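Participant: Right, I'll just put the structure down here and ask away after.
The values are calculated or read from the model by the stated rules, or taken from the named source; none is laboratory data. Being a predicted model, the structure only gives us computed values, none of them experimental. Neighbour counts run over all protein chains shown; Cβ positions are idealised from the backbone, glycine included.
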């Protein structure tokens, strides 16, 4: 990829100060790189969909809240889901074991974030 970048850059720079600059090499390089990033992101999204599809609705709510807000506490999960503390403890434990969340702190001061 770096070689293609420098080649496109040299080709474009060679004509930049002429009356008809040739932007095509640089634009083609840029659009190809952008298309590759879109393909990678689509693969990542599809993998994540498969992983999240296996989660219960309650666990999914917890993970989505943590993703949107950067972290989640037990109190936030109770308010968000209406679930009991004991039920949510089990879901948090499983989410940590499966690698979806990581726990910080202990007791009532504990909070969880995405891994």
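Participant: Every residue in region 60-72 that is in contact (Cβ under 8 Å) with a residue 12 or more places away in the chain and surrounded by fewer than 17 Cβ atoms within 10 Å (Cβ to Cβ), please.
Facilitator: Result: 67, 70, 71.
Participant: Please list, ordered by first then second residue, the pairs with beta carbon atoms under 6 Å, 6 or more apart or interchain, first in region 25-45 and within 27 Å of residue 15 (Cα to Cα), second assigned to a helix (DSSP H, G or I).
Facilitator: 25/8; 25/11; 25/12; 26/8; 26/12; 29/4; 29/8
Participant: Hey, can you tell me all the residues within region 86-104 that are at pLDDT 95 or above and either outside any helix (DSSP H, G or I) or more than 21 Å from residue 50 (Cβ to Cβ) (or both)?
Facilitator: 86, 87, 88, 89, 90, 92, 93, 101, 102, 103, 104
Participant: Which residue is modelled with the lowest pLDDT, if the candidates are limited to region 47-59 and must be assigned to a helix (DSSP H, G or I) and surrounded by fewer than 16 Cβ atoms within 10 Å (Cβ to Cβ)?
Facilitator: Ranking the qualifying residues of region 47-59, first place goes to 50.
Participant: For residue 64, indicate whether it is under 30 Å from residue 2 (Cα atoms) and either in contact with a strand residue (DSSP E or B) (Cβ under 8 Å, 6 or more places away or on another chain) or at pLDDT below 95 (or both).
Facilitator: Answer is no for this residue.
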